[in-house]
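The structure under discussion appears below in the form of structure tokens.
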Amino acid sequence: MGQTIIEKIVSIHADKEVFAGELTVVNVDFLMASDTTAPLAIKAFQNMGGVQIFNASKMALVIDHASPAPNQRIASLHDMMREFANEQNIKLYDVGDGICHQLMIENEHAKPGQLILGADSHTCTYGAIGTFSTGVGSTDLAGAMLTGQTWIKVPETILININGPLQPGVSAKDIVLYVVGIVGIQGATYDAIEYAGSTMSDLSLDSRMTIASMSIEMGAKAGFIHTTGLELAYAFEHVLPDASATYKRVIDIDASQITSQVAIPHSPDNVKSIEEIDEIEINQAFIGSCTNGRLEDLHAAANILKDQRVHPKVRLIIAPASRKVFLDAVKDGTVEILTNAGATFLPSGCGPCVGTHLGVPGNNEVIVSSTNRNFQGRMGNRESNIYLGSPAFVATAALHGKIKNPQLI
């Protein structure tokens, strides 16, 4: 009987062959927690009687969600993380190093075929390289910190075949918003998703991460991009399903029919084609997050804003996904182009996306954003409206002061 990708990876880590629906205990390869969840995980670990985590080389803590600390309370939590990491000899990524999910792949903590737990919902991002990675609560993470194991019910899998060339100006964010619009915000609850097809094979690592990241916006436990065509800096074995694998549902998509996509307030699955949306005036534009804060995304914005100026009534805020992304963008001139256009760069982190600080919008303001969620209040103000789209969509709106079709620029 053939296996899907998640059935294969779970079987390897359970030391027995398992299929969808089975409950099993698995060994984990790596653990991660950010400043939103690590303090609770540390307390839970200590309450369980934990003294030393199962393997100090297999865990990282990342200060990225409220970074730098916006107040005394959070500064104390950051200090708690630093102290624990020092005591346990755990790798700590501190203020400005980057967003946890970018750092996990950038620094090769996540590799194809591994099983990784992270106390953050977008941990599914590592499926971009064929890793089974999923978000868990702080208490579940504490248990894995203590034992190096966790339990799992093997998910069923939805296969999404995407074939054909992309239209000019259409990118990975448009693809995944199109998919979220079809599947819906609860359409893949506790399922795994496999993304396959010629369109996927041609995507860069940056683009694959964008798509895998938003699998959770459909409720998925994991999202795998088939590793065909994937290029990494190290040798790896491809992670692919068996030809006879059984799927819960198969969706076929013609990529050539996808135009620029926008998720309108207040849900990521409230997706419209750009042609269906009025030219709404905007107040703030944001490029960043674990979904679209990478070099490829900054290049897309710079291509539109080179030798231009952001509309005088718009604030353009950019938070690169990591310090490395920022430095690469400095070296190739991208930061200069965007700064000259009027953009303000923030330290790498999640602040504007989750509404902790550094970019909270005002009442009744309209924001265009390259992030992953536009729930009411997501960016820190329930009286604002967030439109999600690609970095090109955000840059185009910032340039004109209103929503416009980036494919026509």
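The values are calculated or read from the model by the stated rules, or taken from the named source; none is laboratory data. The structure displayed is predicted, hence computed values, not measured ones. So basically every Cβ, Gly included, is an ideal-geometry build from the backbone, and we count neighbours across all protein chains shown. Note: areas computed on protein heavy atoms with side chains; ligands, DNA, RNA excluded. Shrake-Rupley method; radii C 1.70, N 1.55, O 1.52, S 1.80 Å.
Key figures
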read-out	value
Solvent exposure of the range 91-155 as accessible area per residue, Å², 1.4 Å probe	26
Nonlocal amide H pairs with residue 130, under 5 Å, H built at 1.01 Å	225
Loop-located GluC sites (Glu not before Pro) in the range 100-165 whose Cβ has at most 13 other Cβ within 10 Å (DSSP)	108
Residue 348 accessible area, 1.4 Å probe, all protein chains in place, Å² to nearest 10	10
Where the range 246-355 is the region considered: accessible area per residue in Å², 1.4 Å probe	44
Reachable lysines, given that their alpha-carbon falls under 18 Å from the alpha-carbon of residue 324 and they are not under 8 places away in the same chain	91
For the range 1-56, diffusion coefficient by Stokes-Einstein and Kirkwood Rh (Cα), 10 °C, 1.306 mPa s, µm²/s	116
Distance between the range 319-374 and the range 8-53 - C-alpha centres, whole angstrom	32
Percentage of interatomic Cα-Cα distances in the range 1-158 larger than 22 Å	39
Surface share of carbon and sulfur [accessible, 1.4 angstrom probe, percent] for the range 7-152	48
Reachable aspartates and glutamates, given that their alpha-carbon falls under 14 Å from the alpha-carbon of residue 313 and they are not under 8 places away in the same chain	281, 365
Globularity ratio of the range 224-337, using Cα Rg and 2.2 N^0.38 Å	1.41
Protein accessible area in the range 305-409, 1.4 Å probe - carbon and sulfur %	49
Aspartates and glutamates with Cα under 12 Å of residue 248, excluding same-chain neighbours fewer than 8 positions away	156, 191, 194
Apportionment of accessible area to carbon and sulfur, the range 200-268, percent (1.4 Å)	48
Accessible area in the full protein assembly, largest first, 1.4 Å probe, for 178, 126	178, 126
Cα convex hull of the range 71-192, projected area averaged across orientations, nm²	10.7
Cα-Cα over 31 Å, subset of 111/404; 111/272; 8/58; 16/43; 43/111	111/404; 111/272; 16/43
Over the range 256-409, equivalent-ellipsoid semi-axes from the Cα gyration tensor in Å	21, 18, 14
Area of residue 83 that stays accessible when all protein chains are in place (1.4 Å probe, Å², to 10)	110
Candidate values (1) 72, 45, 42; (2) 58, 53, 39; (3) 68, 64, 41, label of the one derived for Cα extents along the principal axes in Å	(2)
Volume in Å³ per residue [convex hull over Cα atoms, computed for the range 299-353]	75
Å² of accessible area per residue within the range 18-84, as computed with a 1.4 Å probe and no ligands counted	43
Highest-MSF residue in the chain out of 21, 148, 359 [GNM, Cα springs under 10 Å]	21
